[in-house]
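Nothing in this text is a laboratory measurement; each read-out follows from the coordinates by a stated rule. What you see is a predicted model; the values in this text were computed from it and never measured. FYI the Cβ positions are ideal-geometry reconstructions off the backbone, even for glycines, and counts take in every protein chain you see.
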Amino acid sequence: MALLEMEDVRKSFGGLQALSACSLEVEEGSIAGLIGPNGSGKTTLFNIVTGYERIREGAVRFRGTAITNSTPERVFALGIGRTFQLTRIFTRLSVVENMLVATQRHEGWLRSVLRPAGSASEHRRAMELLDFVGIARLADAPAGTLSYGQRKLLDLACVLVADPSVILLDEPAGGINPTLIGLLAQRIRELNRQGKTFLIVEHNMEFVMSLCHRVTVMDFGKTIVSGPPDVVRSDRRVLDAYLGTEEADGDEAP
Amino acid sequence: MSERVVAAAEEGQVVELRRSGRRPRAVANGVRAAAILVALVVLAVFPLVFSNPAVTTIAFFTLVFMTSTTAWNGFAGYSGYIPLGHAVFFGTGAYTLAIVAQDLHMPGGYGVFWLVPLAGAAALVVAIPFGLIALRTRRHTFVVITIAIFFIFQLLSFNLGITQGSSGIQTPTPPWFGGAFNIPFYYVGAVILVLSIAVSWFIRRSRFGLQTLAIRDDEDRARGLGVQVGRVKLVGYVISAIPVGMVGALYAYFIGQIFPQSAFDPLFDITIALMAFLGGLGTVSGPLLGALVLEPLQQYFTVSDPSYYLIAYGALFLIVILALPRGVVPTVGAWIGNRRARRAAPSPAAAGEASGGAPGGTRYAATVRSGE
Amino acid sequence: MASSILKAVIDGVLTGGVYALMAAGLTLIFGVMDIINIAQGVLVVLAAYLSYVLSTQLGIDLFVGLLITVPTLFVVGVVVEWAFIRRLAGRERTAMSILVTYAVAIIIEGLLIRQFSTDYVQLNAWYVDRSFRLLGLYLPYIYVFGFALAAALLAALYMVLYRTRFGRSVRAAMQDRSAARLVGVNVERVATLTFGLGVAVTAAGGMVFGATNAFNPNSGYDLISRLLTIVILGGMGSIGGALGAAVFMLTLEDVVSVVWSPTWSTLVFFAALVIVLSVKPTGLFGRAAARAQ
């Protein structure tokens with residue numbers, strides 16, 4: 001049984017069919033890639049899995065249990081974390097405060113009101129993670145002063161705080177420099193070795209092909225091919241999707 | 001450290017400078033503790049030094065508004081949702097005291113003050129359904145809903161039998177009078193104020209407070225990090241209602257009579273909003289400062305001519321929002337921070353640059369910067 | 001009873017038309033600019049006072065006076081937009097606009113109190129207190145004239161929005177401001193003119209309001225709370241929704257005041273808002289966009 005499954009997911013906005021017949025399985029302990037031309041529905045699929053969009057048809061399952069049309073809060077509590085295409089951090093909080101926002105497991109709301117944020121152990125964990133992604137030095141800086149790349153790292157670190165079992169990354173390598181991309185890939189591999197499962201949407205082919213165990217290609221709201229990177233790379237339909245559908249560029253909700 | 005102060009101040013927020021060197025932190029804490037102590041002493045002895053009833057009356061109203069603004073800011077300033085219906089809680093508190101005192105035939109005296117916490121509880125009870133409805137909507141619709149619900153309550157107070165309509169309700173007459181009449185009210189108000197500030201300060205430090213601030217910055221992202229935004233907003237909203245209900249009750253007892261138009265005053269919310277904005281929304285000290293400056297002014301204007309008061313108030317509000325949108329406290333904070341930074345560093349870099357590329361950073365972080 | 005309910009329905013539809021006009025201005029401003037104009041209520045009162053001055057001091061007929069009051073209110077709107085609204089920027093713009101226009105509202109209220117005191121006045125003309133018989137019911141002329149005026153102005157507004165170049169720019173800006181800017185729409189100018197237009201319609205609304213109700217400078221609060229209710233129920237930014245909601249709410253209010261009591265009819269107005277929002281936070285006609293927020 002796959003850890004995360006999407007089965008025949010369909011979604012339309014107004015009259016526009018954004019997703020039709022999307023099926024995807026992510027095996028536990030794997031790094032899965034999701035690629036496709038702009039507007040093919042990758043982010044929409046992410047939004048559906050993480051509870052930001054509702055669907056009428058199709059199903060999303062996590063560890064065999066349906067989580068279709070759940071809420072972002074619940075999805076996160078189950079152990080599915082995600083980052084956003086355009087990084088979203090809390091710009092007016094400090095970096096370390098960003099890290100302390102995520103709910104801790106087994107903490108009631110009353111406790112969250114009554115206790116100061118960040119016990120010593122939480123603080124240590126936050127600093128460890130910031131150190132892991134390489135921005136521990138900026139812990140006390142307001143997050144709004146971070147550069148774009150640093151924001152991406154913080155975004156990832158925030159998700160890691162609650163120790164999710166699956167992490168969905170939406171274009172983690174978009175708009176950051178090659179050195180940083182290398183480091184990011186290394187960090188993802190490391191987390192993967194520790195048992196974390198990844199699903200990554202990315203345009204950077206090299207990044208995806210070198211990192212992922214399995215790659216799925218989407219086009220026009222459909223998953224068309226799925227397989228190991230080498231197989232996908234040489235698939236005729238993938239080439240068609242990338243070369244023949246320039247006009248398919250549409251707006252993709254962040 | 002100074003860059004951080006600048007950056008923090010530039011963000012218009014009080015960012016706690018945790019773990020930033022023992023010595024400055026200890027000193028800053030010492031200064032803060034001393035300032036708080038001085039403020040408490042001033043608060044305690046003020047009516048003894050300035051015992052003129054005209055002055056203590058103004059002082060009492062100032063306490064009422066400092067409390068209301070602090071409580072309001074504890075929700076609005078932290079969450080970014082601007083409620084304009086907190087007069088509902090003020091009125092609920094006022095009527096709770098008046099009605100209960102009347103029904104129990106309470107004689108005037110210190111005993112009536114025990115109804116003040118009850119009024120806070122009544123505000124809490126009203127705030128839950130109010131918040132449940134209003135907080136379902138988006139940010140700007142929320143503002144409008146709170147205004148609408150306010151008008152519902154005003155209307156109810158005019159028409160319900162229990163509030164005795166526009167003839168109002170008398171509250172018990174205290175047995176003390178003369179020059180010291182205001183003193184008990186002043187001290188009860190001072191206690192409520194101190195409690196409200198403590199709550200506001202406490203919330204700012206809790207994870208709940210952080211989550212509220214996160215909602216202000218990006219509500220969707222907060223949900224994605226497991227923050228139960230609906231619950232956080234509701235709890236924050238309800239907490240902010242309680243002190244307002246309490247001072248509403250105190251006000252009713254002080255004035256001696258309560259009417260729909262004074263209990264549910266449409267200017268109440270715009271007044272406390274202005275105080276919070278003037279001082280600095282989302283800071284603890286800003287709203288206090290705002291109320292401290294504006295309430296005595298308001299008392300003065302109301303006595304002279306209410307229409308001047310409206311014009312002056314509106315004009316001041318426009319000036320504050322357009323010219324000083326972050327409020328006095330953050331603006332002054334940024335200014336002081338800038339001066340310090342200039343003195344400390346010979347070539348001041350922009351705040352963001354400085355905190356990103358400070359010397360001594362790891363090679364890795366330097367790479368990040370150079371790549372941007 | 002049946003005939004008094006019928007009368008209430010007709011009254012409700014007629015006054016609903018006038019409220020629809022005022023609410024259309026409010027919702028148009030919101031749709032184009034994401035600005036909520038709290039001053040709309042007091043601007044209606046200002047317009048009513050202008051009509052009052054024109055008719056009592058200069059003897060100008062209320063409807064003729066609109067030739068002066070409509071352009072005046074348009075200019076007031078343009079000035080307010082230019083002086084205050086335009087200077088708001090950033091993510092909190094909508095919330096800030098509420099505070100700014102609230103401030104503008106209390107300034108205008110203060111000025112009106114200085115000029116006219118808080119005594120109630122009402123506009124007067126031959127058609128204000130005369131009625132005619134239709135289907136066995138007495139209908140006041142002013143209600144019918146007011147409704148006709150509102151309908152004509154709404155039609156004119158429709159023509160402006162759907163038949164002119166400016167209207168196309170307005171609609172483009174309503175859909176997506178940055179996209180509109182990309183295709184060459186001068187969004188700032190559209191915003192200013194829209195604000196002027198949205199405020200200008202209050203001139204007509206104010207005249208009819210002032211002729212059908214006694215008013216004073218504080219009347220703005222009651223008006224704005226009703227207008228906001230209508231606009232929210234109609235789904236913010238939807239003109240059609242505002243029209244539907246205005247007619248529905250005013251009819252409901254009039255019917256309740258007949259079958260129950262006038263005291264409680266206003267409450268029904270707000271109760272409907274609360275009930276609708278508990279069920280459907282986007283309003284009766286709003287799109288299901290709330291979840292994303």
Worksheet item: When N is the residue count of chain B, what does its C-alpha Rg come to as a fraction of 2.2 N^0.38 Å?
Response: 1.08
Worksheet item: Radius of gyration and Dmax for region A:140-185's Cα atoms, expressed in Å?
Response: 11.3, 30
Worksheet item: Once a ≥ b ≥ c are taken as the square roots of the eigenvalues of the Cα gyration tensor of the protein assembly as shown, is the result rounded (a/c under 1.5), prolate (a/b larger than b/c) or oblate (a/b not larger than b/c)?
Response: oblate
Worksheet item: How much mean residue ellipticity at 222 nm does chain A get from its helices, if each DSSP H run of length 4 or more adds -39500 (n - 2.57) and you divide by all residues, to the nearest 500 deg cm²/dmol?
Response: -10500 deg cm²/dmol
Practice prompt. Over the whole of C:224-233, what's the average partner chain Cβ count within 10 Å per residue? Rounded to a whole number, please.
Written response: 4
Discussion item. Can you give me the angle between helix B:53-79 and the longest principal axis of chain B, using Cα atoms only, in degrees from 0 to 90, rounded to the nearest 10?
Written reply: 50
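When Cβ neighbours within 10 Å are restricted to other protein chains, what is their mean count per residue of peptide B:154-162?
Average neighbour count from other chains, rounded to a whole number: 3.
Using only the Cα atoms of region A:4-247, what semi-axes does the equivalent ellipsoid have when each is the square root of 5 times a gyration tensor eigenvalue? Give whole Å, largest first.
Over the Cα atoms of region A:4-247, the ellipsoid semi-axes are 31, 21, 16 Å.
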Response to the item:
The alpha-carbon center of region A:190-209 and that of region B:34-62 are separated, in whole Å, by 63
Worksheet item: Which of the lysines could a cross-linker bridge to A:Lys222, judged by Cα under 30 Å and excluding same-chain residues fewer than eight apart?
Response: A:Lys11, A:Lys42, A:Lys152, A:Lys196
Worksheet, complete the sentence: Rounded to the nearest 10 degrees, the helix B:306-323 long axis (Cα) sits at an angle to the longest Cα principal axis of chain B of 10
Worksheet item: For the peptides B:150-158, B:75-83, what is the packing order when you average, over each peptide's residues, the other Cβ atoms within 10 Å and list the highest mean first?
Response: B:75-83, B:150-158
Worksheet entry | Principal-axis tilt of helix B:87-103 within chain B, Cα atoms, nearest 10 degrees | 30
Worksheet item: Hey, can you list the DSSP H helices of chain A whose Cα span along the axis is 18 Å or longer and whose average Kyte-Doolittle score is at least 0.5?
Response: A:148-161
Worksheet, complete the sentence: The whole-number value in µm²/s of the Stokes-Einstein translational diffusion coefficient for region C:66-155, with Rh from the Kirkwood sum over alpha carbon pairs at 25 °C and 0.890 mPa s, is 146
Discussion item. What does the net charge come to around B:Phe150 if you take all other residues with beta carbon closer than 15 Å to its beta carbon, with K and R at +1 and D and E at -1?
Written reply: -2
Worksheet item: So what is the diffusion coefficient of chain C in µm² per second by Stokes-Einstein at 4 °C and 1.567 mPa s, using a Kirkwood Rh over Cα pairs?
Response: 67
